Amino acid sequence: MTPSDTGSPSDQEALRTQQAFATVVLRQYWGFSDFRPAQREVINSVLEKRDTLGLLPTGGGKSICFQVPGIVFGGVTLVISPLISLMHDQVVGLTMRGIPAFSMTGRVEPAVFGHVLTRMKGGPFFLYLAPERLKSRQLRRLIQQSSVRLIAVDEAHCISSWGHDFRTAYRAIFELRNALPDVPMCAVTATATPRTRRDIVQSLKMKAARTIQSSFDRPNIHFSITHQMDARPRVLSHLESTPGPAILYDSTRQGVEVWTEKLTRAGISVRAYHGGMDQEERERNQRAWMQKKVRVMVATNAFGMGIDRADVRLVLHVGLPASLEAYYQEAGRAGRDGRPALAEIIVTPDAQLARLALLQDGTIRKLRVRRSRRLFGYMRRYVDRPLCRRWGLLGYFSELSPQQCGNCDICARQLP
């Protein structure tokens, strides 16, 4: 089957059959009657065996864009994903639906390896991998002994934001593509500027890639920025006035620990999450929050990607995010169920100093420092300029929008 629309009648008929089957798969395993428009476009493009970059907002169902074609194609779908917790959540979600999946996050014992290999040979199977696993001998053996039909790259913006200097394994994904030249690739993300999109396509060596973009707008989220000398009263006020689960982001691990203590003393059920904690503790705290045993998660940016909880009503930032892309990813955890939600940045003198100190970290290479400063410059302008917050965010991603959205702190002041 060719990527074009000019294939033979038999090819076109086969494609229509696959597209119809994709809808059956969606209904059977996910219980939805039909795809969202952007999902449908991405899936149809992948079924045509075209390299495809899908840009859908947080909560837009990005994983379905490669999971459904993976089932339709049969064989093995390799999914490259940035975080163990993200892989774990998706593997659990698939296996609960009766879809075989496994995350290869470390050395696999021989008995488990044999079991996985047998399952991979038996039909649709999803193998989740961190980019660092791509060069392992075990993986090469699995690929040689199985039929890979699709390569998926989840949270693909990480290729650009992490791959240049911090997590260079992302730059080696194209080597996998060289080993599987005829296998289509599907990359998905919720936030990417035009520059980031070009970087993704070039880094993955995607061939004649088709980019499909849904609107990044999240109209149910009220965006707000406030400047305070002390963030604590504002945080407690929001938690008192806005019922429901919440996430509070701080830019530093120390800040997370301090805020966890503050909220605990205020009688609020809370857990912490940051990269300095051991994996077991992070997973335990995340599980408690996901299972609604605690109300508030206090976290650094280590927490967020792939967190599938739709009822978050409040996302607060008490430390300035590193970039507008990072902020929109994190703020987008609010209101995934479509109901009203609030995302607010509380700017304090300490917050600005903490972020600037991170940019001066001597362990960061010069190239990354320059890039981080440039991205943080956009963030500071967004925070400081008294313009419609939604217009500023969407404009950063090159999406046109009205200069007054009616649902942010700036527009609320201007309403009659």
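On a full-extension model of 0.36 nm per residue, what is the gain between Q291 and Q228, subtracting their alpha-carbon distance, rounded to one decimal in nm?
Between Q291 and Q228, full extension yields 19.4 nm more.
I'm checking a number: the convex hull volume of the Cα atoms of region 155-313, normalised per residue, in Å³. What is it?
165
Assuming 0.36 nm per residue, please report the length gained on full extension of the stretch T264 to E399 beyond their Cα-Cα distance.
44.5 nm
Rounded, prolate or oblate for the chain? Axes are the square roots of the Cα gyration tensor eigenvalues, ordered a ≥ b ≥ c, and the cut-off for rounded is a/c under 1.5.
prolate
I need the calculated FRET efficiency for the pair R370 and T168, taking r as the beta carbon distance and R₀ as 22 Å, to the nearest 0.05.
0.80
In the chain, if the dipole is taken from +1 on Lys/Arg beta carbons and -1 on Asp/Glu beta carbons about the Cα centre, which of Q138, L56, C405 is farthest to the positive end?
Q138
Of the listed peptides 237-249, 36-48, what is their order by residue-averaged count of other C-beta atoms within 10 Å, with the highest listed first?
Order by mean packing, descending: 36-48, 237-249.
Give me the extension gain from E175 to T23: residue separation times 0.36 nm, minus the current Cα-Cα distance, reported in nm with one decimal.
Working it through step by step, the gained length comes to 51.5 nm.
Quick one: what does P(r) look like for region 221-414 with 10 Å bins over all Cα pairs, in whole %?
So the P(r) values, bin by bin, are 9, 36, 37, 16, 1.
Neighbour counts of other C-beta atoms within 10 Å: give me E13, E330, E283 arranged from fewest to most.
Ascending Cβ contact count within 10 Å gives the list E13, E283, E330.
Roughly how compact is region 1-118, stated as its Cα Rg over 2.2 N^0.38 Å to two decimals?
Cα-based Rg divided by the globular estimate yields 1.17.
Give the calculated FRET efficiency between I84 and Q138 to the nearest 0.05, with a Förster radius of 25 Å applied to their Cβ-Cβ distance.
According to the calculation, E is roughly 0.90.
In degrees from 0 to 90, rounded to the nearest 10, what is the angle of the helix 349-359 Cα long axis to the longest principal axis of the chain?
Helix 349-359 sits at roughly 40 degrees to that axis.
Compute the distance in nm between two label points, each set 7 Å from the Cα along the Cα-to-Cβ direction, one at K121 and one at L387.
My value for the distance between the label points is 6.0 nm.
Which chymotrypsin sites (Phe, Trp or Tyr not before Pro) does region 1-91 hold that lie in a coil by DSSP with at most 14 other beta carbons within 10 Å?
Here the chymotrypsin sites (Phe, Trp or Tyr not before Pro) that fit, given the DSSP loop and packing criteria, are F32.
With n ≥ 4 as the cut-off for DSSP H runs, can you work out [θ] at 222 nm for the chain, using -39500 (n - 2.57) per run divided by the number of residues, rounded to the nearest 500?
Rounded to the nearest 500, it is -13000 deg cm²/dmol.
Using the 2.2 N^0.38 Å rule of thumb for compact globular proteins, work out how region 9-213 stacks up: its C-alpha Rg over that value, please.
Its radius of gyration relative to the 2.2 N^0.38 Å reference: 0.96.
What is the distance in Å between the Cα centres of region 367-403 and region 42-91?
Taking the Cα centre of region 42-91 as reference, the centre of region 367-403 is 29 Å away.
Values quoted throughout were computed directly from the atomic coordinates according to the rules given, and no laboratory measurement underlies them. In this text the structure is predicted, and so the values were computed from the model without any measurement. Note that we place each Cβ from the backbone using ideal geometry, even for glycine, and neighbour counts take in every protein chain shown.
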